[in-house]
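Report on the following structure.
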Amino acid sequence: MDKDKVLAFVTVHGSTNSHTAILARMMNIPALIGVPMDPEKITNGTMAVVDGFAGEVIFNPDETESSRARKRIREEQEKAELLRQLKNKETVTKSGRKVHLYANIGNVGDLGYVLENDAEGIGLFRSEFLYLGRDNFPTEEEQFTAYKQVLQTMGNKKVIIRTMDIGADKKVDYFHLAPEENPALGYRAIRICLTQPEIFRTQLRALFRASCYGNLAIMYPMITSVEEVQKIYKIVDAVKKELAAEDIPYGNPEQGIMIETPAAAVISDELAQQVDFFSIGTNDLTQYTLAVDRQNDKLDAFCNTHHPAILRLIRLVTENAHKYGKWAGICGELGADLTLTEEFVKMGLDELSVSPSMILKVRDRIRNLD
Ligand code: PEP
Ligand code: MG
């Protein structure tokens, strides 16, 4: 779909942490999911009001409903205008504590949202979107061009690119992944990369080559053990040797991991000694810690994102990072939860990476903290 023409999503199935919802948040458009309706009965050209705040959709609104919606849109535009005054301001508390406020993106095309909302860097580039919606693997050259463009656009600001997280809810035909009973617990992300290193090597070559053009950090998803990190480094070393032998220049990007499995959180003291940084993926960390499938709309009532187990794990991971002089951030959706911002700052998190539409709201919240 042409993203510029999509004003809202209303879906029958889905859950708040599904990638559909995350994409809608990135585009700053209202999205209602799990709406009981019969799409067959809605004909093309039907007018509808979608209120993402109230979680309400009205088909064929009457004049009162339409004018109420127009008034709400104007109010929101005024609020957004006020927030725009925070562009080019620092993300710092009143007492001077600085937090790096970065944006999450899925495509080169999302860079416009990043610049428009004055993100201080990119904290999560979901590179798997380069693999989705096509018939075969993106070549090294295609990937290199995309990464280079993001890095050059961001200048000296940090750009954290996550290696591809295919699998689970992000299926691609040409990967020929076998059907699985429990795909979220299945063959995905780094597990594919470590067992099919030829796919991984192509992406790493593109990343290391692109790292000459800006401030790149590479991040590995779905880590559960120190051994996985060591296996990654072996492949990285081989890739660097290969590039050197071919006289192809490459940089020296930071390398970090996502903390999105309870295993990684619990052994974060050991992992901190292996990597340059941690970025906590609260979407998956929540699903795995609470045993709540993030795709299952029937479980929304059981998905307490503020569960003390999650908050304790975030604190533990941050403390363990700092113990070894590393930095820790959050790139899952919880990073943009304004009711937790104060707690995150108190825990000592160094970075929050949120959807571009949330950047100025989080900055506002942080600037109002003592
Ligand atoms: C996460 O799990 O929190 C995360 C940021 O990764 P994704 O949502 O793409 O799985
Ligand atoms: Mg994840």
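What follows is calculated from the coordinates using simple rules that are stated; it is not laboratory data. Computed from a predicted structure; not experimentally measured. For neighbour counting, all protein chains shown are included, and Cβ atoms are generated from backbone atoms with ideal geometry for every residue, glycine included.
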message: Beyond a 31 Å Cα-Cα separation, which of these cross-linked pairs lie in this structure: K87/K148; K157/K234; K3/K346; K5/K346; K5/K361; K148/K241?
response: K3/K346; K5/K346
field: Built amide H within the under 5 Å cut-off of G123, gap 5+
entry: A103, N104, I160
task: Provide the percentage of antiparallel DSSP beta bridges, counting only those with both residues in segment 90-367; round to the nearest 5.
output: 5
message: Rounded to two decimals, what is the ratio between the C-alpha radius of gyration of the chain and 2.2 N^0.38 Å?
response: 1.00
- prompt: Based on the Kirkwood radius over alpha-carbon pairs, what value in µm²/s does the Stokes-Einstein equation return for the translational diffusion coefficient of segment 101-241 at 4 °C and 1.567 mPa s?
  reply: 83
- request: Provide the per-residue ³J(HN,Hα) series for segment 216-225, in order, calculated from phi with Karplus coefficients 6.51, -1.76, 1.60 and θ = phi - 60°, each as a whole number of Hz, with x at glycine and proline positions.
  value: 8, 10, 9, 10, 9, x, 6, 6, 10, 8
field: Table column - 3J(HN,Hα) (Hz), segment 341-351, Karplus curve with 6.51, -1.76, 1.60, x for Gly and Pro
entry: 3, 4, 5, 4, 5, 5, 5, x, 4, 8, 8
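On alpha-carbon atoms, Rg over Rh for segment 3-83 using Kirkwood Rh?
In segment 3-83, Rg relative to Rh is 0.97.
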- line: Taking 273-279, 60-66, 234-240 and ranking on average Cβ neighbours within 10 Å, highest first, one gets 273-279, 234-240, 60-66
task: Would you work out the charge dipole size for the chain about its Cα centre, treating the Cβ of every Lys and Arg as +1 and the Cβ of every Asp and Glu as -1, and quote it to the nearest 20 debye?
output: 940
- prompt: Which Cα, out of Y174, G335, M37, lies furthest along the positive dipole direction of the chain (beta carbon charges, K/R +1, D/E -1)?
  reply: G335
task: Select from L101, L216, L311 the residue whose mean-square fluctuation is largest in a Gaussian network model of the chain (Cα-Cα springs shorter than 10 Å).
output: L311
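Quick one: length gained pulling A184 to D2 fully straight, 0.36 nm per residue minus the C-alpha distance?
Extending this stretch completely gives an extra 62.6 nm.
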query: If you bin every alpha carbon distance in segment 64-151 into 10 Å steps from zero, what whole percent lands in each bin?
result: 14, 30, 26, 21, 9, 1
- prompt: Hey, how many Å between the Cα centroid of segment 73-127 and the Cα centroid of segment 198-219?
  reply: 25
message: Given the -39500 (n - 2.57) contribution per DSSP H run of 4+ residues, what per-residue ellipticity at 222 nm results for the chain, rounded to the nearest 500 deg cm²/dmol?
response: -11500 deg cm²/dmol
